[in-house]
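J.: I have a structure I would like to understand better, so I am pasting it below and will then ask my questions one at a time.
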Amino acid sequence: MSGILNTAIVSITLALFFYSIGTWGERIQRKLKMWHIVFFVLGLCADTLGTTIMSKIADQMMGGTDIFHALTGLLAIILMLVHALWAIWTYWRGSLKAKQNFSKFSVFVWAFWLIPYIGGILLGMSH
């Protein structure tokens, strides 16, 4: 089980790394660029993989996960998906102003994502 757990931990940590680079890179540059979108999508994929694995581990070892953690985790993935799709649309079709103001939503999604990330760490430490 430890190999699969390590894979999940690495995946979710990569999600934090990728999403942070995309979010804060865009915020600092004050304009949405394609490489930001690449990091948003990499973060989404890494988080989805890690969450899927962690969910299976939780089902096998504990009979499921904490409902608050499960709901915030699911909402975070949905927000990340919406964020990535909106980023793609904004990049290709959005105005210059839309590209410059996009970072407000990015920071919100990133900050929300930290709730299940930190919650997962705390849950893992308690078991």
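J.: Quick check: is even one residue across segment 16-36 closer than 14 Å to residue 73 by Cα, assigned to a helix (DSSP H, G or I) and out of contact with any Pro (no Cβ under 8 Å at 6 or more places or on another chain)?
T.: yes
J.: Can you report the number of residues in segment 48-86 which are of a type in the set (A, V, I, L, M, F, W, C), within 14 Å of the chain's Cα centre (by Cα) and closer than 22 Å to residue 36 by Cα?
T.: Total meeting the criteria: 11.
J.: Do we find a residue being under 13 Å from residue 12 (Cβ atoms) and in contact (Cβ under 8 Å) with a residue 12 or more places away in the chain anywhere in segment 23-31? Walk me through how you get there before you give the answer.
T.: Applying the first criterion (under 13 Å from residue 12 (Cβ atoms)) to segment 23-31 yields none.
No, segment 23-31 contains no residue that is under 13 Å from residue 12 (Cβ atoms) and in contact (Cβ under 8 Å) with a residue 12 or more places away in the chain.
J.: In segment 58-73, how many are crowded, with 17+ Cβ neighbours inside 10 Å and among the β-branched types (Val, Ile, Thr)?
T.: Residues in segment 58-73 being crowded, with 17+ Cβ neighbours inside 10 Å and among the β-branched types (Val, Ile, Thr): 2 in total.
J.: As an exercise: evaluate residue 125 against (1) part of a helix (DSSP H, G or I); (2) out of contact with any Lys or Arg (no Cβ under 6 Å at 6 or more places or on another chain); (3) surrounded by 13 or more Cβ atoms within 10 Å (Cβ to Cβ) and give the number of the one condition it does not meet.
T.: The failed condition is (3).
J.: Out of 42, 71, 81, which single residue is within 22 Å of residue 4 (Cβ to Cβ) and of a type in the set (A, V, I, L, M, F, W, C)?
T.: Unique residue meeting the criteria: 42.
J.: Considering (1) under 16 Å from residue 90 (Cα atoms); (2) hydrophobic (A, V, I, L, M, F, W, C); (3) under 15 Å from the mean Cα position of the chain (by Cα), say which one residue 32 fails and leave the rest.
T.: Going through (1) under 16 Å from residue 90 (Cα atoms); (2) hydrophobic (A, V, I, L, M, F, W, C); (3) under 15 Å from the mean Cα position of the chain (by Cα) one by one, residue 32 breaks only (3).
J.: Hey, among 98, 111, 76, which residue is among the small types (Gly, Ala, Ser), in a helix (DSSP H, G or I) and surrounded by 17 or more Cβ atoms within 10 Å (Cβ to Cβ)?
T.: 76
J.: Now for a separate question. Go through 20, 11 for me and flag whichever is within 16 Å of residue 109 (Cα to Cα), modelled with pLDDT of 90 or more and among the polar types (S, T, N, Q).
T.: When all the criteria are applied, what remains is 20.
J.: Further question on the same structure: Answer yes if at least one residue in segment 36-51 is modelled with pLDDT under 95 and surrounded by 15 or more Cβ atoms within 10 Å (Cβ to Cβ), and no otherwise. Full working, then the answer.
T.: The initial filter retains those residues of segment 36-51 that are modelled with pLDDT under 95, namely 50-51.
After this cut, where a residue has to be surrounded by 15 or more Cβ atoms within 10 Å (Cβ to Cβ) as well, the list is 50-51.
Yes.
The values are calculated or read from the model by the stated rules, or taken from the named source; none is laboratory data. Worth saying up front: this structure is predicted, and the values here are computed from it rather than measured. With ideal geometry, Cβ positions are generated from the backbone for all residues, glycine too; neighbour counts draw on all protein chains shown.
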